[in-house]
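**Student:** My questions all concern the structure below.
Just so it is clear, none of the values below were taken in a lab; they were calculated from the coordinates. It should be emphasised that the depicted structure is a prediction, and the values quoted were computed from it without experimental measurement. Note that we place each Cβ from the backbone using ideal geometry, even for glycine, and neighbour counts take in every protein chain shown.
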Amino acid sequence: MDFDVVAHGIVAGSLYALVAVSFNILYRPTNVFNFAQGELVMLGAMIFASATSLAGMPWFAAFVATLVAVGLIGLVEERIAVAPILARSQTGTGWVITTLAVSLIISNLVGRFWGPDPILVKPPEPLSMEALDLGPSRISSYEIMLVIVTIVLVAIVESAYRTLKGKAVMAVAEDREAALLRGIDPGSLRRWSFFLGAAFAAMTGVLAAPILYASTSLGPDLLLKGFAAAAVGSIGNNRGALIAGYLIGVTEALGASLLSPGYQEAVIFIVVLTVLLLRPQGLFGSSTARTV
Amino acid sequence: MKAPGGPPLLSVRNLDAGYGHVRVLQNVSLSVDAGRIVALVGRNGAGKSTLLRTLSGLNRAASGEITFDGQNIAGLRPHAIVAAGLLHVAEGRRLFRRQSVADNIELGRYGLRLGAEQHRQRMDRIHELFPVLQEKKDLPAGGLSGGQQQMLAIAQAMMREPKLLMLDEPSLGLAPVLVDQVLSAILTLRAQRVAILLVEQMVERALEIADEACVMQNGRMIASGPANEIATGDALRAAFMGDHGAPGHLQS
Ligand SMILES: Nc1ncnc2c1ncn2[C@@H]1O[C@H](COP(=O)(O)OP(=O)(O)O)[C@@H](O)[C@H]1O
Ligand SMILES: [Mg+2]
């Protein structure tokens, strides 16, 4: 097994894990899958790329502006595409259609605005995308940092669930009516989680941009693999998402190197389908996870 | 004990409500004074739980008035009604079974800003009333016995120091010694000036501790008055007649 292939699989897998975590942030208090999540990642990458590479904004300012902008788009999505459906019925599933519609709208508008050319985004100083000479692996300092940052982010998100607000989110996930009777307002938690879930998606886009380039075609690919990581890692389970992200990233990289590159997608979906057939609740599923 | 001449803490007038298009409550009126225990009795399916759910905002009132502590609460969302001081411990306790006992208690004060001293006082009051909750604070709530779960559900409500606490069948499925404990906790709460609206299948026990009582039948309120008068009145007998489960509760 080629160590370099595995290392790059872990880098890609970290990105899938981040997308999966952004799914989970939204799903836990709402039981809603936001199918626009992939396009929000793309939007994060594009806004950030334009702000830095084209408009010359400093890295950190552009980072914050991107997260807030996309977070607000998530909030708007919740208001127009999700809230009306859940107001009619808490168990309604019309959001499958409406969030897909939002995804198409974003993809269309962005395509019109930016065009198809990918934008090169440089990592923040002193990191670089140049391969380091680390013996068996030819991985860059930015990629190493991305893997570490991903682990830290998962830990931060998990610790957020240990705050009172986080416990309220889990309470709503377990029994919405019981949460209402304790003075918890699920509507407000839902708005927050759309804001934060969208901002997290945007952050994933910003982090992915130096590796994948910012391009309008980023969305569907990350949506699919991020969704696969969320499902394999058990919906709602962030540590599961991290490990499933690695699994999918490494499988993809190995598939591309052992077979011909054209087969890598097929290999991923064989692995994902096999896992889900054997364990529909995912690898790390408990009764916490509900299926759609 | 009754506040002379003051308006009742909770006043319900001509309430119609139900589930979607299914009408369950018809023309229900009820009032609860501050610091009193009111027992709400009636056979299964009479509409007691539906009434509590409507008061706490889970079900929508189709028509009628609900005034609580001088505020019109009909149509408010549940969290706003909780914030006004009207707490509802639902049928079956409805705890967060996967979270610890301590976390469940903390969730009871969600959205409330408590100073450290205030927080400690409320915890002390809870642990004094239910010492077992302190012993089991790290266990998941789902691992408690039925009686302990009922105590935990009441403890959650106590974190807010409610003005009115509505309890839906707190004795359901409890061993007799635990029923005694829960009923005596209710008396302690009354001594702390908490009003209680108590729905109970153990009719006789409920009427013993209650100040007032009201009787429901088929979604209507058929009698209300002092608990001792209701206990010996015809309405109670009528409400339970033909019900094969309930008469046992009425025998002395
Ligand atoms: N979710 C529901 N949807 C429709 N009807 C309901 C629902 N829950 C209860 N009911 C009906 O409302 C009536 C009153 O029920 P309920 O309030 O639970 O009675 P009680 O608590 O007095 O036993 C019953 O006829 C019952 O069938
Ligand atoms: Mg009932």
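**Student:** What's the angle, to the nearest 10 degrees (0 to 90), between helix A:238-258's Cα axis and the longest principal axis of chain A?
**Tutor:** The angle comes out near 40 degrees.
**Student:** A further question on this structure: Suppose a student asked you for the relative contact order of segment B:96-155, using Cα pairs under 8 Å spaced at least 6 residues apart; what percent would you report?
**Tutor:** Relative contact order here is 57 percent.
**Student:** Using only alpha carbon pairs under 8 Å that are at least six residues apart, calculate the relative contact order of chain A and give it in whole percent.
**Tutor:** Result for chain A is 38 percent.
**Student:** For residue B:16 and residue A:120, what is the calculated FRET efficiency with R₀ set at 60 Å and r taken between the beta-carbons, to the nearest 0.05?
**Tutor:** 0.35
**Student:** Which lysines does residue A:122 reach when only Cα atoms under 17 Å apart count, and residues fewer than 8 places away in its own chain are ignored?
**Tutor:** By straight Cα distance, residue A:122 reaches no lysines at all.
**Student:** At 7 Å along Cα-to-Cβ for each site, give me the label-to-label distance between residue B:208 and residue A:177 in nm.
**Tutor:** 3.1 nm
**Student:** In chain B, what percentage of the DSSP-assigned beta bridges are antiparallel, given to the nearest 5? Kindly include the intermediate steps, with their values, before the conclusion.
**Tutor:** Values: 22 of 39 bridges.
Once the DSSP bridges in chain B are tallied, antiparallel ones form about 55 percent.
**Student:** What is the diffusion coefficient of chain A in µm²/s, taking the Kirkwood radius over Cα pairs and the Stokes-Einstein relation at 20 °C with a viscosity of 1.002 mPa s?
**Tutor:** It comes out at roughly 111 µm²/s.
**Student:** Which of A:264, A:37, A:90 moves most in a GNM of chain A, Cα contacts under 10 Å?
**Tutor:** Sorting by GNM fluctuation, first place goes to A:90.
**Student:** Shifting gears a bit: Summing Lys, Arg as +1 and Asp, Glu as -1, what charge do residues with Cβ under 15 Å from the Cβ of residue B:232 carry, residue B:232 excluded?
**Tutor:** With Lys, Arg at +1 and Asp, Glu at -1, the net is -4.
**Student:** Next question, about the same structure. Non-local amide H neighbours of residue B:62 (under 5 Å, H modeled in plane, Pro and chain starts lacking H): which ones?
**Tutor:** Those lying under 5 Å, H to H, from residue B:62 are B:16, B:17, B:18.
**Student:** Next question. Give me the extension gain from residue A:158 to residue A:61: residue separation times 0.36 nm, minus the current Cα-Cα distance, reported in nm with one decimal.
**Tutor:** Details: separation 97, 0.36 × 97 = 34.92 nm, distance 2.60 nm.
Separation in residues times 0.36 nm, less the Cα-Cα distance, equals 32.3 nm.
**Student:** Straight-line reach only, C-alpha to C-alpha below 27 angstrom: list the lysines that residue A:167 could link to, leaving out same-chain residues fewer than 8 apart.
**Tutor:** List returned: B:136, B:137, B:163.
**Student:** Taking the simple approach of a point 7 Å from Cα along Cα-to-Cβ for both residue B:72 and residue A:3, what is their distance in nm?
**Tutor:** 7.5 nm
**Student:** I've got another one for you. With each pseudo-label sitting 7 Å past Cα toward Cβ, what's the residue B:229-residue A:101 distance in nm, one decimal?
**Tutor:** 5.9 nm
**Student:** Please enumerate, by chain and number, the aspartates and glutamates with C-alpha under 13 Å from the C-alpha of residue A:165, excluding those fewer than 8 residues away in the same chain.
**Tutor:** A:185, B:103, B:106
**Student:** With springs connecting C-alpha atoms under 10 Å apart, model chain A as a Gaussian network and identify which of A:27, A:16, A:161 has the largest mean-square fluctuation.
**Tutor:** Comparing A:27, A:16, A:161 in the GNM, the peak value goes to A:161.
**Student:** Another question, if that's okay. First check a/c for the protein assembly as shown, with a ≥ b ≥ c the square roots of the eigenvalues of its C-alpha gyration tensor; if it is under 1.5, answer rounded, and if not, answer prolate when a/b is larger than b/c or oblate otherwise.
**Tutor:** prolate
**Student:** Follow-up question, since we're still on this one. Taking the alpha-carbon set of segment B:96-155, what are its Rg and Dmax in Å?
**Tutor:** Rg and Dmax of segment B:96-155, Cα atoms, are 11.1, 32 Å.
**Student:** Another question, then. Can you give the mean number of other chain Cβ atoms that lie within 10 Å of the Cβ atoms in peptide B:79-88?
**Tutor:** So the per-residue partner count for this stretch is 3.
**Student:** Rounded if a/c is under 1.5, else prolate if a/b is larger than b/c, else oblate: which is chain B, with a ≥ b ≥ c the root eigenvalues of its Cα gyration tensor?
**Tutor:** On the way: a/c = 1.60, a/b = 1.31, b/c = 1.22.
Because a/c hits 1.5 or more and a/b exceeds b/c, chain B counts as prolate.
**Student:** Turning to a different aspect of this structure: By the gyration tensor of its Cα atoms, with a ≥ b ≥ c the square roots of the eigenvalues, what is the shape of segment A:99-232: rounded for a/c under 1.5, prolate for a/b over b/c, or oblate?
**Tutor:** Cα axes put segment A:99-232 in the oblate bin.
**Student:** Next question, about the same structure. I want the antiparallel fraction of DSSP beta bridges within the protein assembly as shown, as a percent rounded to 5.
**Tutor:** Roughly 60 percent of the beta bridges in the protein assembly as shown run antiparallel, per DSSP.
**Student:** Shifting gears a bit: If each residue's Cβ is checked for other Cβ atoms within 10 Å, how do A:63, A:48 rank with the fewest at the top?
**Tutor:** In increasing order of surrounding Cβ atoms, one gets A:63, A:48.
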